[in-house]
Structure formats: structure tokens, C-alpha cells
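This report refers to the structure that appears directly beneath it.
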Amino acid sequence: MNVAEIFEKMINYSDHNLHDIAHLTKVWAYAKTIGELEQVDENTQFILEVAAIVHDIACPLCREKYGNTAGTYQEKEGMPLTYEFLQDTDCSEQQIQRIAYLVGHHHTFTHINGLDYQILVEADFLVNADESHYDVKTRNAFYQKVFRTKAGKQLFKDMYESENQ
């Protein structure tokens, strides 16, 4: 399966939840854009895009099981769901392991290991900051603490700089 087929599969998996579908679409678009601007290699770009598509795969289960989608719950439940979801795709076992790792850590902002992880965190934050209406102080603190890619920093500035003044 290519990225588009995995995207289609995830939309189906989302069971008509338009918020979840819109969120994963935006995160995927930012991740794809940052990855391409950072000129990551083809395999890393594929892993990044698939991880962006499935990064919140655990949200429906977390809502049902815990009553919310807290990041710790998403990370705990997301890894096994990702393994299961990707089993019938053309992803290699190594790719599935990395994608599941990213899903299982996308709310952990320390010890970021790999450009794919860094970009996923930045892309997800760009979307969450808008959707959750983070205030200027919260956005800027996260930017200073976590953003590392040139492309991610530029997108952040292009999106939020006028609000910071």
C-alpha cells in the first residue's frame, strides 16, 4: 500500500469522526511539507507520512476506555493498534516498528531520536495549537523548547508571528 491507500484506510478506520479525520489530514499535510522541505530520504518520508496519518489511532479507544484522549493514554494504546492496522500493508517490519514507536511517543517531547520523530512532534503541535487555541505564551514556550527543524520553525513563524506582537 502506498501513502494514499493507507490514508484512505485510516479515514475508514476513523468511523465517520470528522474531527479526527480533519486532524490527521492537517498533521499529515504539515509533516509531509516539513519532511520535503528538510529533504529527508524517501524511506524516512514514507515512515513520517504514515506515522502522521495514524498518530492518533488510539483516540477512539481512549475515549471509550478512559473517557478522554490524554497523550499518555494515546501512547500506551497506540503502539499495538498501529502494529495491527499496518499488518496488511506493504510496510516492512522495520517500517512498522518505527511507525509504531513514533505513534507510541508522539506526546513525549524529550529524548526525540530521529528527524521523523522531530517533524511529527512539530506538525502535531502546529495543528494542536490552532485547534486547542493555545495562548501566545504556551505556543512560544513549546516553540523554544521543542522546535528544531528550519522548516517547522518557519511554518510556526508564518502561522503565529503576527499574534506574538
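The values are calculated or read from the model by the stated rules, or taken from the named source; none is laboratory data. Predicted model only: the values in this text are computed from it and were never measured. Heads up, the Cβs are rebuilt from the backbone with ideal geometry, glycines too, and the neighbour counts pull from every protein chain shown. With ligands, DNA and RNA removed, areas are computed over all heavy atoms of the protein, side chains included. Shrake-Rupley method; radii C 1.70, N 1.55, O 1.52, S 1.80 Å.
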- request: For the stretch 103-160, enumerate the residues that are in a helix (DSSP H, G or I), under 12 Å from the mean Cα position of the chain (by Cα) and either surrounded by fewer than 19 Cβ atoms within 10 Å (Cβ to Cβ) or small (Gly, Ala, Ser) (or both).
  value: 123, 128
message: If I ask for residues that are open to solvent by 60 Å² or more (accessible area, probe 1.4 Å) and either out of contact with any helix residue (DSSP H, G or I) (no Cβ under 6 Å at 6 or more places or on another chain) or at pLDDT below 95 (or both), which ones from the stretch 69-100 would you list?
response: 72, 73, 76, 80, 84, 87, 88, 90, 93, 94, 97
field: Among residues of the stretch 26-40, those that are assigned to a helix (DSSP H, G or I) and either surrounded by fewer than 20 Cβ atoms within 10 Å (Cβ to Cβ) or on the phi > 0 side of the Ramachandran plot (or both), counted
entry: 6
Every residue from the stretch 1-25 that is charged (D, E, K, R) and either surrounded by 18 or more Cβ atoms within 10 Å (Cβ to Cβ) or on the phi > 0 side of the Ramachandran plot (or both): 15, 20
task: Filter the stretch 45-72 down to residues that are under 15 Å from the mean Cα position of the chain (by Cα) and hydroxyl-bearing (Ser, Thr, Tyr) and give me whichever is farthest from residue 104 (Cα to Cα).
output: 69
